[in-house]
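Peer 1: Before I ask anything, here is the structure I am working with.
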Amino acid sequence: MFDLERWQEIFDTIRKNKLRTFLTGVSVASGIFILVILLGFGQGMQNGISYEFEQDATTIVEVWPGVTTKEYKGLNPGRRIQLRNENYETVNSLFGEEVEYKSPLIFVRNVNVNYGKEALVYGVRGVSYDYQFIDNAKLHEGRFLNYQDIAGTGKVALIGKKIKEDVFKDLDTPIGEHINISGVLFKIIGVFDEREQREEERIYIPVTTAQKVFNGADYINNISYTLPKVENFDEAVAQAVLFKDNLRSYLQQAHTVAPDDTSAIQVWSALEEAKRYFSLINNIKFFFWFVGICTIIAGVVGVSNIMLIVVKERTREIGIRKALGAKPWSIILMILHEAIFVTAISGFAGLIFSMGILEIVGPYIEVDYVVNPSVNFNVALATVFVLIVAGTIAGFFPAWRAAHIHTIDALRDE
Amino acid sequence: MIEIKDLHKSYKMGSNSLHVLKGINFSVEEGELVAIMGSSGSGKSTLLNILGMLDEADEGEYVLDGIPIKNLNETKAANYRNKFLGFIFQSFNLINYKTALENVALPLYYQKLPRKQRQEKALQYLEQVGLKEWSHHLPSELSGGQKQRVAIARAMVAEPKVLLADELTGALDSTTSYEVMELIQKINDQGNTILVVTHEPDIAQMCKRIVHLKDGVIVKDEKVKQVRAKAHV
């Protein structure tokens with residue numbers, strides 16, 4: 001490998017056989033290029049889907065009531081189920097230790113929201129102080145709802161950044177301003193920030209206030225939970241499924257619903273959804289790997305083919321060299337040295353080129369479910385080495401045969 | 001220089017075997033210029049291949065400059081060829097992507113001589129064959145006679161004990177043939193031992209001794225009065 005004379009001999013050969021070298025190089029470089037781009041997009045899809053799921057806390061479990069579809073214990077189907085504070089509290093006492101954050105949710109309907117003379121058409125929701133964490137909202141300014149607001153039925157409101165920009169654009173800050181919700185004044189205490197603008201067009205008020213002022217009862221529409229984060233994804237899914245099942249069976253008993261009546265009490269777990277997506281991604285990644293490996297195999301076959309042709313083409317030259325005193329091993333090493341050199345250079349060229357494209361273009365790709373395609377450098381490097389080793393092995397056998405052909409036969413080769 | 005005793009060689013052609021050399025005995029002294037003549041199929045090329053260690057005899061002795069040549073493996077044969085023998089072929093056998101100079105320098109590469117020394121020496125031998133100013137041309141840019149002279153320079157560059165030429169004028173017209181033979185005679189005059197395989201009588205007459213081969217045996221071995229090629233050019 002460090003024989004300077006042989007390096008010179010090889011550079012001479014390469015310089016004078018440009019087309020042959022170029023073809024070998026292109027087949028190796030394109031193999032690596034395609035593999036890296038494919039793996040990059042596989043990773044990009046994974047990033048993209050992870051990004052979509054990060055918007056809300058991934059361990060979120062939501063429950064909302066529906067209408068019964070089955071007769072149970074003498075009760076007719078078609079009965080509307082209504083969740084109440086009592087349900088929320090019982091769940092807390094039963095499963096409180098299993099959850100991280102919890103909050104009831106009320107959609108406040110049939111209200112008019114005004115700021116001064118301006119009518120605001122935004123949804124109003126009553127929530128508890130944990131809800132910001134469940135919703136993954138970020139505080140833009142002011143503060144979130146706190147325990148005091150809930151316990152003391154405070155007339156305070158939290159608005160989305162979009163509302164601030166639309167309605168309070170003339171003010172430095174909307175905090176301290178009052179909005180009028182169906183005749184009751186609420187003081188704005190904070191502005192929150194969401195990844196999606198749609199979710200910023202909301203006004204949050206304490207759930208207790210919402211019940212007392214607008215609902216007149218202990219009704220709630222929806223309960224959201226998040227579960228503590230678990231490192232292992234499968235464990236996290238198992239935990240979510242268990243919690244979901246417990247939650248549903250408790251609520252089914254509390255509301256006298258048939259255990260197999262899934263539409264009366266609906267429970268949704270983000271993790272289960274995520275699991276489906278992640279297994280989809282895994283399949284896609286597997287497919288990309290499969291295609292990539294096939295590409296590499298095609299590259300190896302291409303390299304071997306070219307090596308075979310190269311050796312065939314050089315049979316006479318090999319005969320001449322042998323007549324002049326070349327030993328068999330020096331012939332084999334000469335051919336292999338050239339093969340390794342060409343595959344290595346073109347392999348790395350393909351690697352650098354494709355990684356460069358991913359680095360430069362990747363961050364600008366704005367397609368749904370594809371975010372920042374990139375590839376693990378070590379994986380790409382390993383494939384280059386696989387290709388080099390495969391090319392070497394593929395080149396060795398023809399080289400060995402050529403080095404051992406009878407010199408006379410080699411010289412007669414036309 | 002060369003001692004050959006009772007050399008036999010046969011080739012297997014399917015089920016029957018072809019007995020090509022049937023007991024060859026002859027010796028060559030240092031400084032001789034020997035022509036080996038015979039019609040095609042007489043075994044002259046086979047003899048030359050055995051002498052050149054490109055092929056091995058089935059039976060018999062071959063001693064080159066006091067060294068018995070037998071039981072050769074490829075590496076050993078390669079070494080001997082490199083040190084002791086220079087080859088000149090009918091079809092020149094130059095490497096087509098190497099310049100004249102690089103072709104001549106190639107045997108020295110296998111002697112592991114440093115690049116600079118190789119080039120100096122190769123240039124010196126190219127000068128001897130009168131092609132110094134063609135040293136950076138590719139074989140495709142040279143005429144047949146020039147190619148053969150490059151091949152002769154290449155055969156000479158390693159300073160071998162014996163030069164083996166196989167129909168070296170076979171691909172050349174007669175004027176060029178005589179020019180090449182003049183060069184061979186000049187090299188022989190310097191004391192080099194040369195064996196020429198040919199089927200052309202005029203070429204054979206330019207050697208000092210003619211060995212006639214027929215059906216694998218030597219039928220006639222005579223010293224001749226050398227015809228100087230210069231007279232014909």
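Peer 1: I'm trying to understand the selection: among the residues of segment A:1-50, which are more than 30 Å from A:Tyr277 (Cβ to Cβ), touching a residue at least 40 places away in the same chain (Cβ under 8 Å) and more than 14 Å from chain B (Cβ to nearest Cβ)?
Peer 2: Passing the criteria: A:Met1, A:Leu23, A:Thr24, A:Gly25, A:Val26, A:Ser27, A:Val28, A:Ala29, A:Ser30, A:Gly31.
Peer 1: Within segment A:359-395, work out how many residues are touching a helix residue (DSSP H, G or I) at 6+ places or on another chain (Cβ under 6 Å) and over 15 Å from A:Gly40 (Cα atoms).
Peer 2: 8
Peer 1: So, in segment A:221-237, how many residues would count as being open to solvent by 10 Å² or more (accessible area, probe 1.4 Å) and of a type in the set (S, T, N, Q)?
Peer 2: Of the residues in that region, 3 qualify.
Peer 1: Right, another one. Does B:Lys83 count as within 10 Å of chain A (Cβ to nearest Cβ), touching a residue at least 24 places away in the same chain (Cβ under 8 Å) and of a type in the set (Lys, Arg)?
Peer 2: Working: within 10 Å of chain A (Cβ to nearest Cβ): yes; touching a residue at least 24 places away in the same chain (Cβ under 8 Å): yes; of a type in the set (Lys, Arg): yes.
Criteria met by B:Lys83.
Peer 1: Something else now. Taking segment A:39-77 as the region of interest, how many residues are touching a Lys or Arg at 6+ places or on another chain (Cβ under 6 Å), modelled with pLDDT of 85 or more and among the polar types (S, T, N, Q)?
Peer 2: Count: 1.
Peer 1: Of all residues in segment A:282-333, which are open to solvent by 50 Å² or more (accessible area, probe 1.4 Å), more than 8 Å from every other protein chain (Cβ to nearest Cβ) and of a type in the set (A, V, I, L, M, F, W, C)?
Peer 2: Passing the criteria: A:Phe286, A:Phe287, A:Trp289, A:Phe290, A:Ile293, A:Cys294, A:Ile297, A:Ala298, A:Val301, A:Leu308, A:Ile309, A:Leu333.
Peer 1: It is to be established whether one or more residues within segment A:27-39 are farther than 25 Å from A:Phe385 by Cα, open to solvent by less than 40 Å² (accessible area, probe 1.4 Å) and in contact with a Gly (Cβ under 8 Å, 6 or more places away or on another chain).
Peer 2: no
Peer 1: Exactly one of these conditions fails for B:Leu48: (1) away from chain A (no Cβ under 14 Å); (2) under 17 Å from B:Leu168 (Cβ atoms); (3) surrounded by 14 or more Cβ atoms within 10 Å (Cβ to Cβ). Give me its number.
Peer 2: Against the list (1) away from chain A (no Cβ under 14 Å); (2) under 17 Å from B:Leu168 (Cβ atoms); (3) surrounded by 14 or more Cβ atoms within 10 Å (Cβ to Cβ), B:Leu48 comes up short only on (1).
Peer 1: Determine whether segment A:66-87 contains at least one residue that is under 31 Å from the mean Cα position of the chain (by Cα) and touching a residue at least 40 places away in the same chain (Cβ under 8 Å).
Peer 2: no
Peer 1: If you check A:Leu271 against the conditions, is it closer than 30 Å to A:Lys70 by Cα and open to solvent by less than 30 Å² (accessible area, probe 1.4 Å)?
Peer 2: In short, yes.
Peer 1: Suppose we filter segment B:92-110 for residues that are within 10 Å of chain A (Cβ to nearest Cβ), open to solvent by less than 60 Å² (accessible area, probe 1.4 Å) and in contact (Cβ under 8 Å) with a residue 24 or more places away in the chain; how many remain?
Peer 2: Matching residues across segment B:92-110 total 12.
Peer 1: Quick one: A:Ile188 ticks every box in (1) open to solvent by 40 Å² or more (accessible area, probe 1.4 Å); (2) in contact with a strand residue (DSSP E or B) (Cβ under 8 Å, 6 or more places away or on another chain) bar one, so which box is it?
Peer 2: Failing condition for A:Ile188: (1).
Peer 1: Kindly check whether there is at least one residue in segment A:364-375 that is of a type in the set (Val, Ile, Thr), in a strand (DSSP E or B) and surrounded by fewer than 17 Cβ atoms within 10 Å (Cβ to Cβ).
Peer 2: yes
Peer 1: Within segment B:68-91, restricting attention to residues that are in a strand (DSSP E or B) and open to solvent by less than 50 Å² (accessible area, probe 1.4 Å), which residue is farthest from A:Asn17 (Cα to Cα)?
Peer 2: Ranking the candidates gives B:Leu85 first.
Peer 1: When you scan segment A:107-124, do you find a residue that is surrounded by 19 or more Cβ atoms within 10 Å (Cβ to Cβ) and closer than 25 Å to A:Thr58 by Cβ, even just one?
Peer 2: For segment A:107-124, residues surrounded by 19 or more Cβ atoms within 10 Å (Cβ to Cβ) and closer than 25 Å to A:Thr58 by Cβ: absent.
Peer 1: Quick one: would you say A:Ala240 is open to solvent by less than 10 Å² (accessible area, probe 1.4 Å), closer than 24 Å to A:Tyr129 by Cβ and modelled with pLDDT under 90?
Peer 2: On the way: open to solvent by less than 10 Å² (accessible area, probe 1.4 Å): yes; closer than 24 Å to A:Tyr129 by Cβ: yes; modelled with pLDDT under 90: yes.
Criteria met by A:Ala240.
Peer 1: Same structure, new question: For A:Asp234, are the conditions met, namely being in contact with a Lys or Arg (Cβ under 6 Å, 6 or more places away or on another chain) and of a type in the set (D, E, K, R)?
Peer 2: Criteria not met by A:Asp234.
Here is a yes/no grid of residues against (1) within 30 Å of A:Ile284 (Cβ to Cβ); (2) away from chain B (no Cβ under 12 Å); (3) surrounded by 22 or more Cβ atoms within 10 Å (Cβ to Cβ):
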| residue | (1), (2), (3) |
| --- | --- |
| A:Phe385 | yes, yes, no |
| A:Val389 | yes, yes, no |
| A:Thr392 | no, yes, no |
| A:Phe397 | no, yes, no |
| A:Arg401 | no, yes, no |
| A:Thr407 | no, no, yes |
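The values are calculated or read from the model by the stated rules, or taken from the named source; none is laboratory data. Computed from a predicted structure; not experimentally measured. Cβ sites come from the backbone with ideal geometry, for glycine too, and all protein chains shown count toward neighbours. To get the accessible areas, we keep the full protein, side chains included, count just its heavy atoms, and leave off ligands, DNA and RNA. Shrake-Rupley method; radii C 1.70, N 1.55, O 1.52, S 1.80 Å.
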